[in-house]
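To start, the structure itself, in structure tokens.
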Amino acid sequence: TPVQIKEFGAVNKIDFSPVPPYNYAVTASSRIHIYGRYSQEPIKTFSRFKDAAYCATYRDDGNLLVAGTEEGSIHLFDISGRAPLRQFDGHTKPVHVVGFLSDKYRIFSGGDDYSSNLWDIPSATEIVSYSEHTDYVRCGCASKVNADVFITGSYDHTVKLFDARMKSSVMTIEHGQPVESVLLFPSGGLLVSAGGRYVKVWDVLKGGQLLVSLKNHHKTVTCLCLSSSGQRLLSGSLDRHVKIYSTTSYKVVHSFNYATSILSLALSPEDETIVVGMTNGVINVKHRKPEERKEKSQKKRQPAYRTYVKGRTYMPKQEDFCVGKPAKRVLRKYDKLLKSFQSSKALDAVLEPPIRLYTPEVTVAVMQELHRRGTLRSALAGRDEKQINLLLTFVARRVIEPRFTPVLVIVADMITDIYQPVVGQSAIVDRQFLRLQEAIGKEIDYQEELLEVLGMMDTLFAAFTKKRAADLERNKSNGLTETIETNMS
């Protein structure tokens, strides 16, 4: 999601620091704000300008910042300070373009007085002034290969290449429209110019030969930018679009759409952040999503077959210590459902034919567990005709088994209580209720008969016990009489 930051005026320049943490300078109105890559508030501000500031640009080491002004002076700032280190006076009109040569000790500038100047930083003096343009000088760049070469673009439709060792320009390229932005490729061999609706690529080594002319925007192209690898060229325009070209085919590979006209554009040194400045003073910051690194999973070499069969016939000795691999415990479907408190689905799982018919003790155990949890009634409720028929069939068949009777009596009672209002609406359910009643009635009759049999058996056992006790008493008394008679005789 892009971050929107509101500035005081139209954003005429955005420049990233070439050194980490890659802060960027935003020039708008009479202020230069330094933002961190992820900060939404400026971490530093340079505001000692009488009027508007233009084109704040970092030096290659990220320690110095140079900016042009509306009154025609050039200010040089130390990033750690606030007041200008140097002030260069020589232009008579606003200075819209400034930058450092690659030797880091000289500054080039271009102003509305049609002049392009070169300045010495240590002595704060003008080295040379070129007055070859016939209109405002609004853009420029320095060569990274040659410390004496810099380029300026003007509203007089020309791009001029200057060499500090020469007293005049060494090359003039006719763009055809007022030039808004120029850019040199890192190799120094290709030059890109933007003006009107056109982005044109020139071969400097062939004397400024036109290689390709791109017309993908509907309005004036205001800014250019190059990716760190040089494989992508970006252009921003007043038509609210940023076009991204491949530098191998010069075809548009992507496009961004913004809310208002674009004046400035910058890409971070790692191509991770794109910052766009617009005419309404809004800065739009987009960050690239971090790419998930897919680690190449190397296929593990499988052990040979003999590794698996090795030691298969080995018999452990007395001093051997055997370690058994614990068996992985797999939960049944109903256990998982009980674990996740899905009572109704757990009951459905144990009413499936394989469990209901061959292991009814599992079905009854789940019913008992649901009753213990207090969720049996809710699990039984809300069922259709087919499910009620299934439940009643199971209960009617198993309720007479002594091991299931205590639980299934509770289940039958709940089913009767829940579905009593719908009795008479389904012939199938009514028939099952009758079967249940018949099964319970037969069981009660069996119980009564058994009780009668038990009563008879208790009577017989009691009579048998009394008779046996009487015989024992008689035997004891007869033995005592015979003993006495024998002693007397």
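The values are calculated or read from the model by the stated rules, or taken from the named source; none is laboratory data. Since this is a predicted model, take the numbers as computed values, not measurements. Backbone-built Cβ (ideal geometry, glycine too); neighbour counts: all protein chains shown. Areas reflect the complete protein model, heavy atoms only, side chains present, ligands, DNA and RNA absent. Shrake-Rupley method; radii C 1.70, N 1.55, O 1.52, S 1.80 Å.
Under 5 Å between amide hydrogens, built in the peptide plane, is the criterion, and for residue 128 it picks out 118 among residues at least 5 positions away or on other chains.
The convex hull built on the alpha-carbon positions of the stretch 3-287 has an orientation-averaged projected area of 12.9 nm².
Filter the chymotrypsin sites (Phe, Trp or Tyr not before Pro) in the stretch 306-368 down to the DSSP loop ones having no more than 15 other Cβ atoms within 10 Å, then list what survives.
When the chymotrypsin sites (Phe, Trp or Tyr not before Pro) of the stretch 306-368 are filtered for loop state and at most 15 Cβ neighbours within 10 Å, 314, 321, 341 remain.
In summary, the stretch 342-489 shows an alpha-carbon radius of gyration equal to 1.88 times the 2.2 N^0.38 Å reference for compact globular proteins.
When 408, 190 are compared by accessible surface with a 1.4 Å probe, the order from highest to lowest is 190, 408. Based on the Kirkwood approach, the hydrodynamic radius assigned to the stretch 130-241 is 14.0 Å, with every pair of different Cα atoms included.
Using a cutoff of 8 angstrom between alpha carbon atoms and counting only pairs six or more residues apart, the relative contact order for the chain works out to 8 percent.
A DSSP coil position with no more than 11 other Cβ atoms inside 10 Å describes the following GluC sites (Glu not before Pro) in the stretch 312-385: 319. Remark: relative contact order (the stretch 54-125) = 25 percent; criterion is Cα-Cα distance under 8 angstrom and separation of 6 or more residues. Counting only residues at least eight positions apart within a chain, or on another chain, the lysines with an alpha carbon under 17 Å from that of residue 50 are 93. Average projection, convex hull of the Cα set of the chain: 57.5 square nanometres. Of the trypsin sites (Lys or Arg not before Pro) found in the stretch 376-461, those that fall in a DSSP loop while having at most 14 other beta-carbon atoms within 10 Å are 403. Using the Cβ-Cβ distance between residue 474 and residue 447 with R0 set to 51 Å, the FRET efficiency works out to roughly 0.80. For the peptides 9-18, 140-149, the ranking by packing is 9-18, 140-149, with the highest mean count of neighbouring Cβ atoms within 10 Å listed first. For the peptides 464-473, 238-247, the ranking by packing is 238-247, 464-473, with the highest mean count of neighbouring Cβ atoms within 10 Å listed first. Note on the chain: with charges restricted to the Cβ of Lys and Arg (+1) and Asp and Glu (-1), its dipole about the Cα centre is near 1400 debye.
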